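Below you'll find the structure, written out as structure tokens, and then a few comments.
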Ligand SMILES: [Zn+2]
Ligand SMILES: [Zn+2]
């Protein structure tokens, strides 16, 4: 599981820009410095099975909570923040520069208008402390890579009574041992023995709901794709299930015994008597090669 990361931070940017431009309208600190909290993002890695069926999981995210001992004021228990002596509580100070009178954020209180003589020992005067909170996240069935689940109001706290931001849980799918997902469809590789591919047969294939049986016809070639309708995933916004596509790979046998080699040599000898019939692709390829050298 990944961690949370800040996305927003617009609150502070606006504070700097508008604070300096419109600072004059803030006398008394009335509507000043009220901002919505920043949105947060949390990267959540889930299995393909959990994404297909839906699930519920718990995530632990870092959060800044109101400091308990000082009730968020930042002042030591029993004391209260005082009006800033430098700006008189306005959060802004006027500076004379040549002909111009410039408003600036008060350097002593950083625009809060308050001055804490005796800071709270739990939060060092910040009024907030870093904590962790555990949230329950409901993952809807069919969710896909990159989808986001919004947890309203679970982002960063607002500033000075502003509303909190939202938390976006971003979904990432873990690689699966058997299946690759493509929207609602699933793909898998299906190795078939040389003999089964030639003679045809029934093969067991895995699906998300368990084992299914698939009849493969005689003379099945590598690259052939069998589509099992409805054995894929039903996407969050889909009406029905996608399909499972099985890609055949004919496997050349390995670690052959002497007896197997003997049989294959015998097989090859009979095969060669009419190679064009039994291996048409190899035959036509050889013909092309011959034509190429003949020029
Ligand atoms: Zn405190
Ligand atoms: Zn001040």
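The values are calculated or read from the model by the stated rules, or taken from the named source; none is laboratory data. The structure presented is a predicted model; accordingly, all values stated were derived computationally and were not measured. Cβ atoms come from the backbone with ideal geometry, glycine included; neighbour counts cover every protein chain shown.
Observations on the model:
Here is a yes/no grid of residues against (1) surrounded by 10 or more Cβ atoms within 10 Å (Cβ to Cβ); (2) more than 32 Å from the chain's Cα centre (by Cα); (3) in a helix (DSSP H, G or I):
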| residue | (1), (2), (3) |
| --- | --- |
| 247 | yes, no, no |
| 254 | no, yes, no |
| 259 | no, yes, yes |
| 266 | yes, yes, yes |
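- Residue that is farthest from residue 156 (Cα to Cα), among those in region 63-81 that are touching a strand residue (DSSP E or B) at 6+ places or on another chain (Cβ under 6 Å) and assigned to a strand (DSSP E or B): 65
Every residue, every condition in (1) exposed (fewer than 14 other Cβ atoms within 10 Å of the Cβ); (2) modelled with pLDDT of 95 or more, yes or no:
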position: 213; (1), (2): yes, no
position: 230; (1), (2): yes, yes
position: 233; (1), (2): no, yes
position: 242; (1), (2): no, yes
position: 263; (1), (2): yes, yes
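- Region 80-113, subset within 16 Å of ligand 1 (Cβ to nearest atom) and buried (at least 18 other Cβ atoms within 10 Å of the Cβ), residue nearest to the chain's Cα centre (by Cα): 112
- Restricting attention to region 93-111, the residues that are more than 8 Å from ligand 2 (Cβ to nearest atom) and touching a strand residue (DSSP E or B) at 6+ places or on another chain (Cβ under 7 Å) total 7.
- Look at region 95-114: where a residue is at positive phi and a partner is in a loop (DSSP other than H, G, I, E, B) and near ligand 2 (Cβ under 8 Å from one of its atoms), sitting 6+ places away or on another chain with Cβ atoms under 7 Å, you get 111/91; 113/84; 113/87; 113/89; 113/90; 113/91.
- Of the residues making up region 125-151, those that are within 8 Å of ligand 1 (Cβ to nearest atom) and not in a strand (DSSP E or B) number 3.
- Qualifying positions in region 116-170 - surrounded by fewer than 16 Cβ atoms within 10 Å (Cβ to Cβ), farther than 13 Å from residue 65 by Cα and over 19 Å from the mean Cα position of the chain (by Cα): 117, 118, 121, 124, 153, 160, 161, 162, 163
- In the set 197, 177, 117, only one residue is within 16 Å of ligand 2 (Cβ to nearest atom) and at pLDDT 85 or above; that residue is 117.
- Any hit, region 160-170, residues being assigned to a loop (DSSP other than H, G, I, E, B), out of contact with any strand residue (DSSP E or B) (no Cβ under 6 Å at 6 or more places or on another chain) and at pLDDT 95 or above: no
- The set of residues in region 191-211 being touching a residue at least 24 places away in the same chain (Cβ under 8 Å) and either under 31 Å from the mean Cα position of the chain (by Cα) or exposed (fewer than 10 other Cβ atoms within 10 Å of the Cβ) (or both) consists of 205, 206, 207, 208.
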